[in-house]
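Beneath this line is the structure, given in structure tokens, with notes to follow.
The numbers here are math on the coordinates, done by the rules we state, and not lab data. Remember, it's a predicted structure, so these values are computed and weren't measured experimentally. Heads up, the Cβs are rebuilt from the backbone with ideal geometry, glycines too, and the neighbour counts pull from every protein chain shown.
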Amino acid sequence: MTNYWDDLQTIRKRRPLIHHLMNYVVMNDAANVTLAVGASPIMAHAREEVEELAAKADALYINIGTLDDRWVESFLLAGKAASKNNVPVLLDPVGAGATGFRTETVLRILNETEVSVLKGNGGEMMALAGVAGMIKGVDALGEANLDVAEKLAREYGVTAVITGPRDYVSDGRRSAIVSNGTPMLQYITGSGCMVGSVIASFMAVNRDFLVTSVEGLVTFEVAAEKAERRSYGPASLKVNLIDELYNMKPGDYELAKVEFKG
Ligand SMILES: Nc1ncnc2c1ncn2[C@@H]1O[C@H](COP(=O)(O)OP(=O)(O)O)[C@@H](O)[C@H]1O
Ligand SMILES: Cc1ncsc1CCOP(=O)(O)O
Ligand SMILES: [Mg+2]
């Protein structure tokens, strides 16, 4: 089912264009991570150009992290243009549940555009499933579970990806749990945003979104595990992580810890 290495090679060969509407905090890191896996990032959120770019991209990544009214207009314009042109969309609901504006914006994007993958941390995804109080700003206060991923997948017609110590993935029919990664990822701002860039790069070359979600999670997290061995703390982890993504080898995928269900 998953063919990590073949899909990574396809990314490196085709260099798909990944249009990001990415928050200001993580914009530079997400671009570097996208380049390191072999795809081609553009970070663009002006309403004057997002439709044109999203329509021609190989995947669209909407991350609401530093939203305001103008960004929201751009999210919807880009999402609709992508949907109309069969471009897959990944949505990261950063801080959903922390404010009404964030939750409402996520629900508008889900209702008005064709989102393929909804990826958030445990607190954000629990909030979207109707469980309040598990988010502080952009950080989760606890873990979710596979039932929540299945519920969200069915309710919104998406592949739901809930990140955390273990990642829960479901398309409503099939599910998977990914147990790679390292706790030190919690000390880098944007680790969730960056794994989104890797998943979006896989979505650009394979339309089985349960598979591409697992491929993106495993690629990012195995690279993080390797990077941690050479890192003194979070700052060097981030640098080493980009290097390890760039240097992924077929044998690295033997470290994948994935349990498929259904
Ligand atoms: N305790 C942990 N152990 C291993 N990996 C983790 C841990 N916490 C987070 N991760 C990994 O870090 C990345 C970001 O996840 P998370 O921290 O949930 O997102 P966010 O940064 O959006 O809050 C994911 O790849 C996730 O699997
Ligand atoms: C700190 C912060 N504030 C607004 S967006 C952002 C980055 C969030 O990144 P992540 O969701 O990967 O933790
Ligand atoms: Mg996040």
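Taking every DSSP beta bridge that has both ends in the chain, the antiparallel portion is near 40%. Gly65 sits among other residues whose Cβ lies under 13 Å from its own Cβ, and their net charge, with Lys and Arg +1 and Asp and Glu -1, is -3.
Computed from phi, the 3J(HN,Hα) profile of the range 248-253 under the Karplus parametrisation 6.51, -1.76, 1.60 (θ = phi - 60°) reads 4, 10, x, x, 4, 6 Hz, with x in place of Gly and Pro. For Arg229 and Arg12, the difference between the fully extended length at 0.36 nm per residue and the C-alpha to C-alpha distance is 75.6 nm.
Taking the alpha-carbon distance from Lys80 and a cut-off under 21 Å, which lysines remain once sequence neighbours fewer than 8 residues away in the same chain are dropped? Cα-Cα hits under 21 Å: Lys56, Lys119. Potential lengthening of the chain between Ile42 and Glu259 amounts to 74.8 nm, from the contour at 0.36 nm per residue minus the alpha-carbon distance.
Look at the alpha carbon pairs under 8 Å that are at least 6 residues apart: their mean separation over the length of the chain gives a relative contact order of 19 percent. Only alpha carbons enter this Debye calculation for the range 4-261, each as an equal point scatterer, and the log10 of I(q)/I(0) it gives at q = 0.09 Å⁻¹ is -0.33. Loop only by DSSP, 13 or fewer other Cβ within 10 Å of the Cβ. Give me the trypsin sites (Lys or Arg not before Pro) in the range 181-260 that pass, ordered by residue number. Those satisfying the criteria are Arg207, Arg229, Arg230.
Under a Gaussian network description of the chain, with springs only between Cα atoms under 10 Å, the residue in Ser213, Ser236, Ser40 that fluctuates furthest is Ser236.
Taking the centroid of alpha carbons for each part, the range 98-146 and the range 158-235 are 17 Å apart. Residues of the chain were split at every exposed loop site, defined as chymotrypsin sites (Phe, Trp or Tyr not before Pro) in a DSSP loop with at most 12 other C-beta atoms within 10 angstrom, and the longest piece left, sites excluded, is 25-231.
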